[in-house]
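Below is one structure, written out as structure tokens, with a few remarks after it.
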Amino acid sequence: MGKFTNLTLPSEVRQLCRTGELDSPTPGLAPGYVQANLVVLPYSLGFEFLLFCQRNPKPCPVLDVLEGNPDPKIIAPGADIRTDLPRYRIFKYGNLVEETTDIKAFWRSDLVAFLIGCSFTFENAMINAGLPVRHIEEGKNVPMYKTNIECVSAGIFSSPLVVSMRPLASKHIVRAVEVTSRYYKAHGSPIHIGNPQAIGIQDLGKPDYGDAVTIHDGEVPIFWACGVTPQEAILRAKPEFAITHAPGHMFVSDLKDESLTFN
């Protein structure tokens with residue numbers, strides 16, 4: 001990620017994705033702009049998945065829905081979700097069959113795409129508030145973990161809640177809650193603070209997605225709901241076909257971070 005940390009505009013990030021030059025995680029890129037998770041499903045499953053998101057707004061805050069057309073006209077007019085993410089995952093019947101940097105060959109007119117809020121959106125606000133964001137400091141992808149917390153099911157979709165983790169000193173916890181809770185469409189406030197075993201995480205050094213990060217003495221792990229949750233729902237539901245972003249490889253929109261906050 002190091003050579004791309006100077007990217008300040010969403011269009012710059014998307015163009016490098018489109019040409020294949022950028023295929024790495026996106027935390028810290030285009031600071032101040034909203035990043036989004038991606039889920040693409042056959043139209044026949046669109047309502048059930050939208051209902052799953054509506055029932056689980058913490059991990060699945062919907063920002064835009066695209067019906068057949070790959071142009072996300074609400075959050076990034078003129079962009080193309082088939083090319084403008086660094087990396088995608090292709091699922092068939094619940095099995096991950098391929099990772100790729102371009103999904104044009106997989107696109108169909110009967111698909112519906114969901115762009116879902118991402119916690120990378122509030123990280124710039126954390127940094128501006130003087131709060132360290134360890135995975136950005138270490139040039140890594142954020143660590144993500146499956147929990148023992150079950151989402152509310154909808155149709156064929158059910159899932160354990162997936163969380164992202166950022167360690168902070170005890171003195172910073174209240175401020176982190178204050179800063180992130182404003183971003184209600186980017187997962188908002190933490191869902192758990194401290195003891196990872198209480199939510200079913202046995203080893204912070206072995207994330208289910210992303211990279212492990214350093215936790216210094218005196219720091220506390222803080223957990224936010226994560227937009228990788230739908231990928232777990234896809235693994236369970238086993239739809240005949242689905243596409244998602246690769247964890248941490250987000251779509252960078254033209255929306256400003258502050259547009260996702262409470263007034």
Mind listing whichever residues of the stretch 219-241 are farther than 24 Å from residue 33 by Cβ, of a type in the set (A, V, I, L, M, F, W, C) and part of a loop (DSSP other than H, G, I, E, B)? 241
Return the total of residues in the stretch 125-164 being of a type in the set (S, T, N, Q) and either surrounded by fewer than 19 Cβ atoms within 10 Å (Cβ to Cβ) or under 17 Å from residue 63 (Cβ atoms) (or both). 4
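So that you can scan it fast, the table gives a plain yes or no per residue for (1) among the hydroxyl-bearing types (Ser, Thr, Tyr); (2) modelled with pLDDT of 95 or more; (3) in a strand (DSSP E or B):
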{"site": "60", "(1), (2), (3)": "no, yes, no"}
{"site": "80", "(1), (2), (3)": "no, yes, no"}
{"site": "86", "(1), (2), (3)": "no, yes, no"}
{"site": "109", "(1), (2), (3)": "yes, no, no"}
{"site": "115", "(1), (2), (3)": "no, yes, yes"}
{"site": "135", "(1), (2), (3)": "no, yes, no"}
{"site": "140", "(1), (2), (3)": "no, yes, no"}
The stretch 83-124 - residue that is touching a strand residue (DSSP E or B) at 6+ places or on another chain (Cβ under 9 Å) and of a type in the set (Lys, Arg) and, of those, surrounded by the fewest Cβ atoms within 10 Å (Cβ to Cβ): 108
Out of curiosity, is residue 208 over 21 Å from residue 32 (Cβ atoms) and either crowded, with 16+ Cβ neighbours inside 10 Å or not charged (D, E, K, R) (or both)? yes
If a residue has to be over 27 Å from residue 53 (Cβ atoms), among the basic types (Lys, Arg) and within 18 Å of the chain's Cα centre (by Cα) to count, how many in the stretch 130-187 make the cut? 2
Could you say which residue among 63, 45 is closer than 19 Å to residue 229 by Cβ and in contact with a Lys or Arg (Cβ under 8 Å, 6 or more places away or on another chain)? 63
Among the listed residues 33, 93, which satisfies the condition of being among the aromatic types (Phe, Trp, Tyr) and touching a helix residue (DSSP H, G or I) at 6+ places or on another chain (Cβ under 6 Å)? 33
State whether one or more residues within the stretch 170-181 are outside any helix (DSSP H, G or I) and either surrounded by fewer than 21 Cβ atoms within 10 Å (Cβ to Cβ) or out of contact with any Lys or Arg (no Cβ under 8 Å at 6 or more places or on another chain) (or both). no
Among 162, 152, the single one that is in contact (Cβ under 8 Å) with a residue 60 or more places away in the chain, in contact with a Lys or Arg (Cβ under 6 Å, 6 or more places away or on another chain), at negative phi and part of a loop (DSSP other than H, G, I, E, B) is 152
Residues 97, 34, 65: which one is under 21 Å from residue 136 (Cα atoms), among the β-branched types (Val, Ile, Thr) and not in a helix (DSSP H, G or I)? 34
Does any residue in the stretch 33-62 that is under 22 Å from residue 253 (Cα atoms) come within less than 9 Å, Cβ to Cβ, of a residue that is among the basic types (Lys, Arg) six or more places away or on a different chain, and which pairs are these? 33/256; 34/185; 34/256; 57/185; 61/185; 62/185
Yes/no for residue 196 being surrounded by 16 or more Cβ atoms within 10 Å (Cβ to Cβ), over 25 Å from residue 29 (Cβ atoms), free of Cβ contacts under 8 Å to residues at least 60 places away in the same chain and outside the structural domain of residue 51 (by TED's automatic domain parsing): yes
Any chance residue 216 is part of a loop (DSSP other than H, G, I, E, B) and either among the β-branched types (Val, Ile, Thr) or closer than 24 Å to residue 29 by Cα (or both): no
What about residue 244, is it of a type outside the set (A, V, I, L, M, F, W, C), assigned to a helix (DSSP H, G or I), surrounded by 19 or more Cβ atoms within 10 Å (Cβ to Cβ) and in contact with a helix residue (DSSP H, G or I) (Cβ under 6 Å, 6 or more places away or on another chain)? no
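The values are calculated or read from the model by the stated rules, or taken from the named source; none is laboratory data. Computed from a predicted structure; not experimentally measured. Reconstructed Cβ throughout: ideal geometry from the backbone, glycine too, with neighbour counts over all protein chains shown.
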